[in-house]
Amino acid sequence: MPPFLLSATIHRLGSVPVQTESDVVKVRNIGSLLAQEMEFDKTTCIRIGTTVSELSRNMIEHARGGEVIFSIAQRNDNSSGIVLVFKDKGEGIEDIELIQNGNFVSKNGMGVGLIGSQRLMDDFDIHSIRGKGTTISAVKWLHRYSKELDKKRIPDIQKKFRQFIARESSSMVDTINIQEHELQFLLKKLQERNDEIETINHELEETNRGVVALNRELEDRTIAIEKAKLEAEQANKAKSEFLANMSHEIRTPMNAILGFTEILESKITDKTYLRYLSAISSSGKALLNIINDILDLSKIEAGKMELQFVPVNLFSLLNEVVQIFNHKTSEKNISLILDVDPAIPKVVLLDDVRVRQILFNLVGNAVKFTDNGYVRLSVTVEESNPENQTVNLLLKVCDTGIGIPEEQIEKIFEAFEQQKNQNLNKYGGTGLGLTITSRLVKMMGGKISVTSTPGEGSCFIVLLDNIEIGSLVETEEKVSESNISEIVFEPAKILIADDIPNNREVIMSFLKNFDFDIYAATNGKEAIKMAGKFKPDLILMDLKMPLMDGYEATSTIKSDETLKNIPIIAFTASATKEEKDKILAAGFDHFLRKPIAQKDLTAELMHYLKYKKPKESVPENFLTGQEMLDENLTLRLPELMELLNGKFRTKWESVRTTFVLGEITSFAKEIQKIGKEYQVAQLTEWSEMLEEQALNFDMENLPGTLKQYDKMVARLGNFLKR
C-alpha cells in the first residue's frame, strides 16, 4: 500500500476490467460519476475522469489491458478522497524513476499519460516489477474547505456503484449523456474564460494607453524638473557670486575704515575725538553684522554652514554676553539679570561662536524692545545623564518689553519679517536675527519657542539636548594665552600684495612697531617679481587684484623651488567653506578675513615668524628691596600673608574657576583695599588693573592677569623669609 494511504480507512467500491476502448469510456464515466457523488466540483470531476481514461489507455497499449479498482479513503482528520488503482500484468516500466520525477518522455507516448496524471491528482504512486506488471495508485482528496463526506453515505455509494456496473444495456446511453454534459460544461467554461480574456485584454489596452499618457506626463515633468533644477542651480550660483562680490565690495573699504579707526584709537587721547572714533567703529561693525547675517542665512539655506564643537566655559560665555550689554542697559536704566543654575557644568562642548550669536540676538532684541523693567538671561539644567556625561540645557531670555501679538509670533522667525507696526526709526533691524537664531538652534538639534503678552513682555526659550560635558583642562590652553599686544618679533621681511592703497597702508601701520622690512606690490605679477628679488619671510596676499589675482600668483610662487617654503597668508572678504577650501587648495598656508584687526594679524604672524613672549606684567622689582616697606609695615607682613594665603586665596581659586566677571570685580576691590591698608603699591596696582580688565571685558589679558596672583603672593612670601 502506498505510504499516503497507510493512515487512511479504505472502502472498496469494486473493480472494472479494461480491455477495449469502450471499457476506457466506461471506467471514465464511473470515475466522473463517483466524483460527482462525492460532491467534487465540476472541474475536478473532469480531471478525475481524464486521469482514469489516460491511465486505462496506457494499460491497453502497453500491457494488453488490466483492471481499475475504485475506492473511497477516509483519513483521521475526517478528510475523504477517491482512490484509483490501476493494475496490469504487462512487462513493467523500464524508466520508472524518470517517470516518478516527471522527466521521462517515451517515443510511444506512455510517459505523457503518466506524467499528466501525476499533475492532475494529489497523491500518486507507481510500483512496477519487470516481467510481472505495474500497479499505479492515485488519490484526489476533497478540498479542506469542502463539505465532509458523511460515513453513512458510503454503503449507499457502494450500492449505486454495483448497480451502475450491472446496467450493461444503458452503459452507452449514460456514456453519451455524461460526455455531452461534460462537453457542454467545458464549452461553457471556455466561453467564460474567453470573455474574461477579452475583458482583460480590453483593460490592458486601456491601462497601456494610460501608461503611455503617464509616461509622456512623467517625461514632461522630468524635463521641467531638470530645467527647474538647472535654473535653481544657476540662480543659487548667481546668488552666491552676488553675495561673495557684495561681501568683497563692502568688506574691502570697511577694512580701511575700521583699520584706520583702530590705529587712531591707539594714538588719540582727546575724549571727544575718541568718542567720534568709537561711533565710527561701532557703526562699521554694525554694518558688518548685517552683512554677516545675510551671509549666514545664505549658508544655512544652502546647507553649507558647519558647526565646530569645542570646550566652552559656559560661565565665561554668559558673563561675556551680559558684559557687552551692560552699557546699553545702563543707558536705558533697565536691569540686566544673569541667573545661572549651580548645577550647570563648568565646561561643555558647544559651538561657542554660534551659541554666542544666538544669545547676542536674543538678549540684543530683549534690550532693544524693553524701555522699563528688566531683561533676564537664565540657564538651567533640564536633565542630566551622568553615564553618558551629557546634559540638557534650557536657556531663557525674558523681558518686560513691548511684547508680541499672538498672531505674529510664528512670523517673527521668518526671514526679513518684523513685528507689524513696529517703529523702524526707533528699533531698526533687518528681520534676520531671529531667523538665523531659529535655524542655528535646529542645526544643533535643539528647539526654540516663545511666549509673549503685548505690553507685558516676551520670553524666548531655547532647549539644547544631549550637550556633552567637558573639563577645565580642555580650556586651559585658551585661558593661558599670552598678551599678543606685547609680542616682540625678531627681524623679518614681509611682502604685502594688495591693489588698494588704503588696505596696504592699514597693514603697514599695524606692522610698523615691529622690526620688519616691508615691501608692497599692487598686483600678482609684482608680487611674484618682488618675492623672487627680496625672498621675504612671509607674504600677505589679497585674492582679488588686477593683471593677476592672488590665486595665480600664489600657485606660481609655490611652484618655484626657491620660494615654495615662504608662508603665504590670504586676505579674503568671503567666509564660505568653498572659498576656504579653494584658498587652501591653491597653496595658501592660511587666511585672514576682512576687515582685519591688528590683534588677529599679530596672532597669525606668531604661527610663522620667530618672536619673544611678553614678560609678566608684575614688576620684576616687586618687593625685592627692604626700602620698599617701612619698619612697621614689615612687621605686619605675616598678618598680610595670612590673609593672602587664607580667605583671599580661596576667593581667588573660586573666581579663577568660575570666571564670573562680577565676582572677579568684587575680588579685585577687596585686594585694592588691603593693598592700600598695608601700603603695598604693587598689590594695589595689580588689583586696579584686574578690575579695569574685568569691567572692560578684556578677555585677552584678564585670564593672564588673574593667574599672576599666585606668583605675587609667592614673591611676597620670599621677601618675608629674607
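Within the set of pairs 6+ apart or on separate chains, which have a first residue in the stretch 390-418 that is closer than 25 Å to Thr329 by Cβ and assigned to a loop (DSSP other than H, G, I, E, B), a second that is at pLDDT below 85 and not β-branched (Val, Ile, Thr), and C-beta atoms under 7 Å apart?
Hits for this filter: Ile404/Gln419; Gln418/Gly429; Gln418/Gly431.
Rundown of residues vs (1) touching a residue at least 12 places away in the same chain (Cβ under 8 Å); (2) exposed (fewer than 13 other Cβ atoms within 10 Å of the Cβ); (3) more than 30 Å from Lys237 (Cβ to Cβ); (4) among the hydroxyl-bearing types (Ser, Thr, Tyr), yes/no style:
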residue	(1), (2), (3), (4)
Tyr519	yes, no, yes, yes
Lys525	yes, no, no, no
Lys533	no, yes, yes, no
Leu540	yes, no, no, no
Thr554	yes, no, no, yes
Ile566	yes, no, yes, no
Ile569	yes, no, no, no
Thr572	yes, no, no, yes
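Do any residues in the stretch 185-197 that are at negative phi have Cβ atoms under 8 Å from those of residues that are surrounded by 10 or more Cβ atoms within 10 Å (Cβ to Cβ) and assigned to a helix (DSSP H, G or I), where the two are at least six apart or on different chains, and which pairs are they?
Pairs that qualify, where the first residue is at negative phi and the partner is surrounded by 10 or more Cβ atoms within 10 Å (Cβ to Cβ) and assigned to a helix (DSSP H, G or I), are Phe185/Lys42; Phe185/Ile46; Leu186/Ile46; Lys189/Thr43.
With respect to Ile300, determine if the residue is at pLDDT below 80 and of a type in the set (A, V, I, L, M, F, W, C). Lay out the reasoning, then the answer.
On the way: at pLDDT below 80: yes; of a type in the set (A, V, I, L, M, F, W, C): yes.
Considered against the rule, which asks whether it is at pLDDT below 80 and of a type in the set (A, V, I, L, M, F, W, C), Ile300 comes out as yes.
Please go through the stretch 14-26 and pick out each residue that is buried (at least 22 other Cβ atoms within 10 Å of the Cβ) and at pLDDT below 90. Before you say what the answer is, go through the steps one by one.
First pass over the stretch 14-26, keeping only residues buried (at least 22 other Cβ atoms within 10 Å of the Cβ): 18, 26.
Within the stretch 14-26, Lys26 is the sole residue that qualifies.
Can you tell me which of Leu338, Leu349, Leu307, Leu317 is at pLDDT below 90 and part of a helix (DSSP H, G or I)?
Numbers: Leu338 fails: part of a helix (DSSP H, G or I); Leu349 fails: part of a helix (DSSP H, G or I); Leu307 fails: part of a helix (DSSP H, G or I).
Selected residue: Leu317, the only one of Leu338, Leu349, Leu307, Leu317 that is at pLDDT below 90 and part of a helix (DSSP H, G or I).
Quick one: is Thr430 among the β-branched types (Val, Ile, Thr), modelled with pLDDT of 70 or more and closer than 24 Å to Thr329 by Cα? Give the steps one after another, and end with the answer.
Values: among the β-branched types (Val, Ile, Thr): yes; modelled with pLDDT of 70 or more: no; closer than 24 Å to Thr329 by Cα: yes.
When the stated conditions are applied, Thr430 does not pass them.
Which count do you get for residues in the stretch 485-508 that are part of a helix (DSSP H, G or I) and surrounded by 17 or more Cβ atoms within 10 Å (Cβ to Cβ)?
To start, the set of residues in the stretch 485-508 that are part of a helix (DSSP H, G or I) comprises 485-486, 501-508.
Remaining after also requiring surrounded by 17 or more Cβ atoms within 10 Å (Cβ to Cβ): 503-507.
Number of matching residues: 5.
Which members of the stretch 433-465 meet the condition of being surrounded by 15 or more Cβ atoms within 10 Å (Cβ to Cβ), under 24 Å from the mean Cα position of the chain (by Cα) and either among the polar types (S, T, N, Q) or assigned to a loop (DSSP other than H, G, I, E, B) (or both)?
Correct list: Thr435, Thr437, Ser438, Met444, Gly446.
Select, from Leu362, Leu349, Leu317, the only residue that is surrounded by 16 or more Cβ atoms within 10 Å (Cβ to Cβ) and within 16 Å of Phe460 (Cα to Cα).
On the way: Leu349 fails: within 16 Å of Phe460 (Cα to Cα); Leu317 fails: within 16 Å of Phe460 (Cα to Cα).
When all the criteria are applied, what remains is Leu362.
When both residues are 6+ apart or on different chains and their Cβ atoms are under 9 Å apart, which pairs have a first residue that lies in the stretch 440-459 and is among the charged types (D, E, K, R), and a second that is outside any loop (DSSP other than H, G, I, E, B)?
Once the first residue is among the charged types (D, E, K, R) and sits in the stretch 440-459, its partners that are outside any loop (DSSP other than H, G, I, E, B) give Lys442/Ile448; Lys447/Val441; Lys447/Ile461; Lys447/Val462; Lys447/Leu463; Lys447/Leu464; Lys447/Asp465.
If Asp88 satisfies all but one of (1) modelled with pLDDT under 90; (2) within 15 Å of Ser117 (Cβ to Cβ); (3) in contact with a strand residue (DSSP E or B) (Cβ under 6 Å, 6 or more places away or on another chain), what's the number of the condition it fails?
Failed condition: (1).
Can you list the helices (runs of 4 or more DSSP H) lying wholly within the stretch 590-703 that have 2 or more residues being under 30 Å from Ile494 (Cα atoms), of a type in the set (A, V, I, L, M) and at pLDDT 85 or above?
Details: elements: 598-605, 631-635, 637-645, 647-658, 661-677, 681-695.
By residue number, 598-605.
Of the numbered conditions (1) touching a Leu at 6+ places or on another chain (Cβ under 8 Å); (2) at pLDDT 75 or above, Ile197 fails exactly one; give the number of that condition.
Every condition holds for Ile197 apart from (1).
Just checking, how many residues over the stretch 447-472 are modelled with pLDDT of 90 or more and within 18 Å of Thr380 (Cβ to Cβ)?
11
Search the stretch 117-153 for residues being of a type in the set (Lys, Arg) and outside any loop (DSSP other than H, G, I, E, B), and hand back the single one that is surrounded by the most Cβ atoms within 10 Å (Cβ to Cβ). Break it down stepwise before answering.
Residues of the stretch 117-153 that are of a type in the set (Lys, Arg), as a first pass: 119, 130, 132, 140, 144, 147, 151-153.
Adding the requirement that they be outside any loop (DSSP other than H, G, I, E, B) leaves 119, 140, 151-153.
Working: Arg119: 10, Lys140: 22, Lys151: 13, Lys152: 7, Arg153: 14.
The residue in question is Lys140.
Can you tell me how many residues within the stretch 535-550 are at pLDDT 95 or above and assigned to a helix (DSSP H, G or I)?
0
Give just the number: which of (1) modelled with pLDDT of 90 or more; (2) over 21 Å from Cys398 (Cβ atoms); (3) among the β-branched types (Val, Ile, Thr) does Ile484 not satisfy?
Condition not satisfied by Ile484: (1).
Among the numbered criteria (1) buried (at least 20 other Cβ atoms within 10 Å of the Cβ); (2) farther than 18 Å from Ile461 by Cα, which single criterion is violated by Leu336?
Result: Leu336 passes all but (2).
Filter the stretch 61-89 for residues that are in a helix (DSSP H, G or I) and surrounded by fewer than 18 Cβ atoms within 10 Å (Cβ to Cβ) and give the result. So that I can check it myself, show each step before the final result.
Here is the first cut: in the stretch 61-89, the residues in a helix (DSSP H, G or I) are 61-63.
Within the stretch 61-89, just Glu61 meets the criteria.
Which one of Val381, Val355, Val363 is under 23 Å from Arg439 (Cα atoms), out of contact with any helix residue (DSSP H, G or I) (no Cβ under 6 Å at 6 or more places or on another chain), part of a helix (DSSP H, G or I) and not polar (S, T, N, Q)?
Numbers: Val381 fails: part of a helix (DSSP H, G or I); Val363 fails: out of contact with any helix residue (DSSP H, G or I) (no Cβ under 6 Å at 6 or more places or on another chain).
After ruling out the rest, the residue left standing is Val355.
Scan the stretch 657-680 for residues that are surrounded by fewer than 18 Cβ atoms within 10 Å (Cβ to Cβ), touching a residue at least 24 places away in the same chain (Cβ under 8 Å) and not hydroxyl-bearing (Ser, Thr, Tyr) and report the count.
Final tally of qualifying residues: 3.
The values are calculated or read from the model by the stated rules, or taken from the named source; none is laboratory data. These numbers were taken from a predicted model, which means no experiment stands behind them. Here the Cβ is made from the backbone with ideal geometry for all residues, glycine too, and neighbour counts use every protein chain on show.
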